[in-house]
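The values are calculated or read from the model by the stated rules, or taken from the named source; none is laboratory data. Note that the structure is a prediction, hence the values are computed from the model and not measured. Glycine also receives a Cβ, built like all others from the backbone with ideal geometry; neighbour counts cover every protein chain displayed. Areas reflect the complete protein model, heavy atoms only, side chains present, ligands, DNA and RNA absent. Shrake-Rupley method; radii C 1.70, N 1.55, O 1.52, S 1.80 Å.
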Amino acid sequence: MKTISISIENLCVPCHCGCRHCLLDSCHKATGVDYARGQAFARRFYSWMRENRPDLGGNFYVGYCNEFAELGEHISFVREFAPWFDFLQFNGLAFRNGEEIRALLGSVMERGVRLIDLTFFGLEEFHDRFAGRKGDFRYLLEIAGEAKALGLPRIASVCLTEENKGQMDALFGILREHGIERYTVFLPHAKGRGEKLAYLRLTQESFDALPQIVRNNFMRVPHKTEAQWLREGNFPRAERRALTLALTPENIDRLEAMDPAQIIRELEEMDDAYYAAIPPVEELARICGRPENQQLFRFRDLALEWQKRYIRERKPDIYDMNDERHSFSVHLYPNERQEESK
């Protein structure tokens with residue numbers, strides 16, 4: 001398996017939302033290390049990588065949201081090692097008035113941000129319940145309006161399930177009214193709290209009945225029903241992996257004392273051990289597949305679903321490399337780009 005990137009995750013910023021699909025299972029508290037300490041570690045790590053492993057990409061990112069005093073400094077730091085970095089998610093931020101929103105947007109634009117993402121889960125009442133915060137829907141639209149006035153492009157990510165599919169026509173009408181013209185429609189995957197939404201995964205019949213604008217902006221990665229994937233039996237092979245190192249209070253002392261080459265080797269060995277303990281995908285399909293299932297999957301999410309079914313049933317004693325609250329991997333299949341990994 002070819003490793004193409006090593007990212008560093010520092011979950012040092014609590015999120016103001018509690019979304020039902022949160023892959024980090026956000027709980028309104030930080031679980032990472034002090035930002036300055038995390039940045040210092042990332043600077044040493046990526047300086048070493050620049051000299052010794054220029055073949056590897058990577059990014060240093062902060063979670064659970066981008067609500068922290070060092071945001072401007074963070075953008076500038078990341079752009080030192082990844083000059084292409086010009087995108088921020090603007091979800092889960094603290095409430096601000098219009099003047100404060102404009103000041104924040106102007107600040108990140110000065111640092112090189114050229115696009116922000118705002119994630120929607122349906123119409124106002126439904127969205128606020130899904131996000132776990134009253135007023136979140138209107139707040140995102142206010143941010144969108146202020147960004148438009150400043151000339152900062154916005155993209156609306158729309159989380160689509162059987163539960164909110166009937167709201168899509170009205171939702172996209174509201175988004176267009178507020179000047180949002182770029183969209184990405186996605187299905188939540190079975191990570192973090194998203195695992196509890198598995199029964200709401202969209203079916204092919206539901207997808208075919210969606211408004212054209214929704215289908216036109218659906219993820220470009222091929223999707224098929226589980227039944228179709230199993231019937232065809234032509235499973236793609238993951239060719240590359242993106243590894244992420246999570247900084248935590250429990251591991252930071254040890255990581256600071258390690259050589260970066262040793263850290264990379266350890267991450268690769270953890271990933272190798274996980275997949276050595278899981279049957280090959282053909283066997284997973286045979287023992288965990290549901291030939292009658294009409295829900296839609298890109299293959300990576302279906303392979304994840306089979307792995308989770310296997311682990312629930314067999315309970316092997318392994319470190320879960322799909323848990324993004326800790327160090328994890330993403331295996332990339334043909335037709336997938338690294339930025340489509342979420």
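At-a-glance table
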{"item": "Within the range 34-162, percent of DSSP bridges classed antiparallel, to nearest 5", "result": "0"}
{"item": "Chymotrypsin sites (Phe, Trp or Tyr not before Pro) restricted to the range 40-115 and DSSP loop, no more than 10 other C-beta within 10 Å", "result": "W84"}
{"item": "Calculated FRET efficiency for the pair L115/R237, C-beta based, R₀ 30 Å, to 0.05", "result": "0.40"}
{"item": "Zero-based 5 Å bins, Cα pair distances in the range 186-297, whole percents", "result": "2, 8, 13, 16, 17, 14, 10, 9, 7, 3, 1, 0"}
{"item": "Rounded to 5, percent antiparallel among DSSP beta bridges of the chain", "result": "25"}
{"item": "The chain - accessible surface per residue (Å², probe 1.4 Å)", "result": "46"}
{"item": "Selected from S157, A246, L210, residue furthest toward positive end of dipole (the chain; charges at beta carbon)", "result": "L210"}
{"item": "The range 100-136: trypsin sites (Lys or Arg not before Pro) falling in loop per DSSP and having at most 14 other Cβ within 10 Å", "result": "R114, K134"}
{"item": "Amide H partners (placed H, <5 Å) of M219, local residues excluded", "result": "V185"}
{"item": "Range of Cα positions in the range 19-118 per principal axis (Å), largest first", "result": "46, 31, 23"}
{"item": "Longest exposed-site-free window of the chain, the sites being GluC sites (Glu not before Pro) in a DSSP loop that have at most 13 other C-beta atoms within 10 Å", "result": "1-180"}
{"item": "Cα centroid separation - the range 52-96 against the range 263-342, whole Å", "result": "27"}
{"item": "The range 247-307, dipole about Cα centre (Lys/Arg Cβ +1, Asp/Glu Cβ -1), debye to the nearest 20", "result": "380"}
{"item": "The chain, dipole about Cα centre (Lys/Arg Cβ +1, Asp/Glu Cβ -1), debye to the nearest 20", "result": "420"}
{"item": "Fully extended contour minus Cα-Cα distance, from A276 to E70, at 0.36 nm per residue", "result": "70.1 nm"}
{"item": "Farthest toward positive dipole pole in the range 256-342 [+1 Lys/Arg, -1 Asp/Glu at C-beta], among Y333, Q307, I263", "result": "Q307"}
{"item": "Compactness of the chain - radius of gyration and Dmax, Cα, Å", "result": "20.3, 57"}
{"item": "Protein accessible area in the chain, 1.4 Å probe - carbon and sulfur %", "result": "48"}
{"item": "Loop trypsin sites (Lys or Arg not before Pro), the range 152-243, which have at most 16 other Cβ atoms in a 10 Å radius of their Cβ (DSSP)", "result": "R182, R220, R237"}
{"item": "Exceeding the 24 Å Cα-Cα cut-off - candidates K196/K224; K196/K308; K29/K315; K165/K191", "result": "K29/K315"}
